[in-house]
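The next block holds one structure in the form of structure tokens; read it before the comments.
The values are calculated or read from the model by the stated rules, or taken from the named source; none is laboratory data. Note that this is a predicted model, so its numbers are computed, not measured. We place every Cβ from the backbone using ideal geometry, glycine too, and count neighbours over all the protein chains shown. To get the accessible areas, we keep the full protein, side chains included, count just its heavy atoms, and leave off ligands, DNA and RNA. Shrake-Rupley method; radii C 1.70, N 1.55, O 1.52, S 1.80 Å.
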Amino acid sequence: MAFLVLACLGSLFTLNDAVGCTETNRDSCISLSTSASSFIQVKDVRSKTMITEHAMDFGLARPCKDDMTSKCCGDGVCDGPETQENCVADCSGATPAPTPEGGGGAPPPAPAPGGGGGARQCSDSVTSKCCGDGVCDGPETTTNCEADCSGDPTIPVPGPLPSPPTTDCTTEPAEKPEEPTLCTAANQGCCECGSVNVQTFVFWTEAGTTQRCFHTFNFPPESDSPMPVVLHMDGYSGGKSPSETGGDVGTAAKYYGFTSFTLGNNLKDGAGGFGLEFGNKGVANDAKPTPCSREDSREIEYLEKIFQFIADKPMLDASKVFTEGFSQNSMFAVYTAVCFADKVAGTWQGGSGQSRTGSTPVAPGFQGQCSFDSYAAHGSSCCSEAFCTDCQYWPLWPKTCSDKIVDCIAAYTDDSIACGSDWYMYEAMVQEGNDARLLSFPIPDDDDKAGHKDPRNKWAWFAGCLGITPSCSSSCAASFDACVDGATENKAYEKFESCEEQLKGGTLSGCIQGCAPTLSMLQRSESPVVTLSQGKFGTETNLQKADGSAPQPNCEKPFGPFDGKHTCKLPSSFTVPVISPDAAC
């Protein structure tokens, strides 16, 4: 008998997927097995808990990852477990592959706002025929992908949806530390803990009633000099431990010399199963521009504990803490950076910016147009049922007072979810005196589309823009240019990647391994429109400084105040107030 839990899918951006069990991760993996034709059974091997998710969430085909490149959705081959029903990216137009013995292919799930239905969310490995690629084709309709298809009035918008699942683990550990403590059998409880390269720290908040954890990679020994810290937001995984290999963030951490902290929540009760809670139930306005108190969000106490942990560790550099994420995770990255501006040096916002009430682009979770409670009750009908007349922007206004931060904001111009919101956040950051760096990426040369994803060679852009390490020298940049000029790969970003491997290997003349690429070096990968509010990029200074507002991105989907075409419309009696946050700090 299968246990049934319906997930509210795709409300904002992408979901993290379960990993497969191997010999190296057997103690902390998630194993997948067919429990019915439409559902798969998910077993947490360590905690022995069982959850059943809708098959289109994980499909009967696992998504490709850094350590999983074949027999998975995104490898470009419609074979093994992939079918048209569970992997449109590989099998569009192909003959469906045989379904596993004992169960048929998974039927499309119930529609969900901004994604789901019969349309997969776009991700790093799925960039076409998916919700978020900016094209209303194939499986995408207004019913299952508002972001791509909002201009089609002929297809009805879905009504209220079931709430996302929450973790039902009730394990009570023998030890319940109040401060972050290395995970052991005695204190593990419901946290999934790393075992080899990942170190997990557990603690309890809310007067000892709620267990929390975070996962570190490349954690330095006591004797090392202070190392920068990158807080990697992972709100979709349910607090699970990342891969023991560290994935792409781990590779960057090893090369650039920082420690990564993966932050999440055991709960998955937000939009699309996102577990990190934004402030004031998603309502931000000039009366409350920065909802950053413990009363506003359960995450504030969680973050306070993490920042204190960093400050208490001499091997960690508390003056060089950065936040990072993509999509909704990057919205939480900037929320954290602003709320803790006295403790954060800068943030990377990939595929996001700031939502504005009454304006497009509309976030697939309708944040900025509807409160969290309204969306939970009405789904994508929340605009007509309970529009948020108290909202002005989301997730917050970047009022940092005397503690200024760097915000690197990156999006492709054909990203229908983010393009335009990036400009809104840039303008807000500049208004508050922060150092904003807007990177508006056109579709790369010789590519048909880019869509909702980070730029190619993301971690080079991340390190270069934020200045995780000192910028490469001019002699290094000259050697890099010569390398790219002589590279034989077809595409610019491929040539960059090839030469970056030489830089990392120490074979480029004049280069120091671990230096952060300069802006000119990065522009050999892709050519975004770059706007620097203070003429700085990484540790480079005296670059061209913006004069006034940034040029508006050349978005494929125009952005701005509602023009009547979007299914989300303002109440007839409501006028969006002019944004004018209180100047007092």
Report task. Could you give the size of the charge dipole of the stretch 308-459 about its Cα centre, using +1 on the Cβ of each K and R and -1 on the Cβ of each D and E, expressed in debye and rounded to the nearest 20? Result -> 280 debye
Query - Mean accessible surface per residue for the stretch 522-585, computed with a 1.4 Å probe while every protein chain stays in place, in Å² - result: 65 Å²
Query raised in the report: When the accessible area of the stretch 449-555 is split by element with a 1.4 Å probe, what percent falls to carbon and sulfur?
Result: 43 percent
Report summary line: Among 282, 245, 303, the residue whose Cα sits farthest towards the positive end of the charge dipole of the stretch 210-311, when +1 is placed on the Cβ of each Lys and Arg and -1 on the Cβ of each Asp and Glu, is 282
Query raised in the report: Per 5 Å bin, what percent of the C-alpha pairs of the stretch 256-325 does each bin hold, from zero upward?
Result: 3, 13, 20, 21, 19, 13, 8, 2, 0
Query raised in the report: Based on the Cβ-Cβ distance from residue 566 to residue 174, what FRET efficiency comes out when R0 is 51 Å, to the nearest 0.05?
Result: 0.45
**Report entry** Peptides 227-237, 369-379 ordered by average Cβ neighbours within 10 Å, highest first
**Finding:** 227-237, 369-379
Query raised in the report: Along the charge dipole of the stretch 461-571, Cβ charges K/R +1 and D/E -1, which of 570, 522, 510 sits furthest on the positive end?
Result: 570
Query raised in the report: What size of dipole, in debye to the nearest 20, comes out for the stretch 248-339 about its Cα centre when the only charges are +1 on Lys and Arg C-beta atoms and -1 on Asp and Glu C-beta atoms?
Result: 140 debye
Report summary line: If unit charges are put on Cβ atoms (+1 for Lys and Arg, -1 for Asp and Glu) and the dipole of the stretch 361-481 is taken about its Cα centre, the option from 479, 417, 368 lying farthest towards the positive end turns out to be 479
Report task. Quickly rank 350-358, 460-468, 429-437 as a protection proxy: mean count of other C-beta atoms within 10 Å, highest first. Result -> 350-358, 460-468, 429-437
Query raised in the report: What does the charge add up to near residue 467, with Lys and Arg as +1, Asp and Glu as -1, over the other residues with Cβ less than 12 Å from its Cβ?
Result: +1
Report task. May I ask which of 240/453; 343/458; 288/449; 404/458 have a Cα-Cα span longer than 32 Å here? Result -> 288/449
Requested in this report: With the full set of protein chains in place, find how many percent of the accessible area of the stretch 343-396 is carbon and sulfur; take the probe as 1.4 Å.
Outcome: 46 percent
**Report entry** Convex hull volume per residue for the stretch 480-585, taking Cα atoms only, in Å³
**Finding:** 210 Å³
Query raised in the report: Kirkwood Rh over Cα pairs of the stretch 207-305 into Stokes-Einstein at 10 °C, 1.306 mPa s: D in µm²/s?
Result: 105 µm²/s
Report summary line: Applying the gyration tensor rule to the Cα atoms of the stretch 321-454 (axes a ≥ b ≥ c; rounded if a/c under 1.5, else prolate if a/b exceeds b/c, else oblate), the class is oblate
Query raised in the report: Could you give the accessible area per residue of the stretch 221-267, probe 1.4 Å, as a whole number in Å²?
Result: 32 Å²
Requested in this report: For the stretch 379-479, count all C-alpha to C-alpha pairs, find those more than 21 Å apart, and express that count as a whole percent of the total.
Outcome: 53 percent
Report task. Using every Cα-Cα pair within the stretch 341-407, state what percent have a distance larger than 13 Å. Result -> 66 percent
**Report entry** Net charge dipole size for the stretch 460-526 [Lys, Arg +1 and Asp, Glu -1 on Cβ; Debye, nearest 20]
**Finding:** 140 debye
